[in-house]
Amino acid sequence: MNIKTHRFQIGAFEALVIQDGSRPGSLEAVIKRYPDVPRAALENAAQTLGLDWDAIELSRNILLLDTGAQRVLVDTGEGIGDGQLTEALPAAGISPERVSIVILTHGHGDHIGGITNAEGRLLYPNARYVMWKTEWDFMLELAQQVEDPDYAAFIRRNLLPIQDRLTLIESDTDIQPGIRAFAAPGHTVGHMALLIESGGQRLLHIVDAAHHPAQITYTDWSPRFDRQPELARVTRRALIERALSENLPVMAYHFPFPGLGRVAQRGQMAVWEAGTP
Ligand SMILES: [Zn+2]
């Protein structure tokens with residue numbers, strides 16, 4: 001097992017990024033994920049940004065924050081099958097029993113799949129869970145409507161066991177002092193982003209508001225996973241604008257591990273600059 005981890009500080013908070021898993025990048029994969037973006041535009045972007053599609057993995061970067069008082073996990077990864085988080089946490093010296101808060105940024109399978117194990121038991125048995133209310137309602141309704149019985153069972157297995165330990169939020173909320181959740185809709189109806197702040201240091205976690213670093217420049221590109229592409233664009237632009245104007249370190253769930261960097265201005269373009277704070 002070769003699981004990637006990266007430790008850093010945000011003021012007094014100890015932060016750890018764990019790679020739950022990764023898919024290799026390629027131009028063909030990008031074409032599949034962005035069916036509305038013509039191949040010529042992708043080739044043009046590669047030239048403009050000097051990027052190599054093959055070198056840009058689709059990672060799953062899980063953030064764990066130790067605030068001193070709480071251990072806060074941001075999403076649970078893919079779970080059964082491909083998810084490595086369950087093995088990685090103990091390997092990094094963290095007992096899942098000690099995770100006290102799990103923030104579920106949205107209901108996609110690669111974020112909620114690791115809430116329970118195959119028997120439906122909670123992998124973080126002592127945590128309380130936080131999700132946006134519209135997202136929770138949407139997911140439970142989806143479990144009723146979706147035609148794929150396996151997907152319906154997957155949603156139920158992961159979400160129903162947390163019902164009585166769940167805080168649903170409907171507006172910007174300090175989940176803990178220094179961990180602020182705010183609405184970042186479009187990728188899903190109740191997708192949230194986080195602003196983490198301690199000791200004068202900050203981190204803006206945009207989660208899935210962008211999936212690929214090229215979207216920092218080409219903000220109108222929406223992958224087929226964006227449920228409301230128009231709204232996703234507005235949200236993406238607002239987050240990028242904020243990162244630029246406040247010079248914020250940024251984390252993105254799917255950018256190449258550990259998904260940390262900054263948005264920089266290059267001429268008229270905003271570009272992603274990977275780098276660890
Ligand atoms: Zn997603």
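The values are calculated or read from the model by the stated rules, or taken from the named source; none is laboratory data. Not measured: the values here are computed from a predicted model. Glycine gets a Cβ as well: all are built from the backbone with ideal geometry, and neighbour counts include every protein chain shown. To get the accessible areas, we keep the full protein, side chains included, count just its heavy atoms, and leave off ligands, DNA and RNA. Shrake-Rupley method; radii C 1.70, N 1.55, O 1.52, S 1.80 Å.
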Looking only at segment 166-220, count how many residues are within 13 Å of the ligand (Cβ to nearest atom) and small (Gly, Ala, Ser). 6
Number of the condition not met by Ala210 [criteria: (1) hydrophobic (A, V, I, L, M, F, W, C); (2) assigned to a loop (DSSP other than H, G, I, E, B); (3) open to solvent by 10 Å² or more (accessible area, probe 1.4 Å); (4) modelled with pLDDT of 95 or more]: (3)
Collect the residues in segment 220-258 that are crowded, with 21+ Cβ neighbours inside 10 Å, of a type in the set (S, T, N, Q) and in a loop (DSSP other than H, G, I, E, B), keeping them in residue-number order. Ser222
For segment 80-127 the number of residues that are within 15 Å of the chain's Cα centre (by Cα) and at pLDDT below 95 is 1
Could you tell me which of the residues Val99, Val17, Val72, Val30 is more than 30 Å from Ile175 (Cα to Cα) and surrounded by 14 or more Cβ atoms within 10 Å (Cβ to Cβ)? Val30
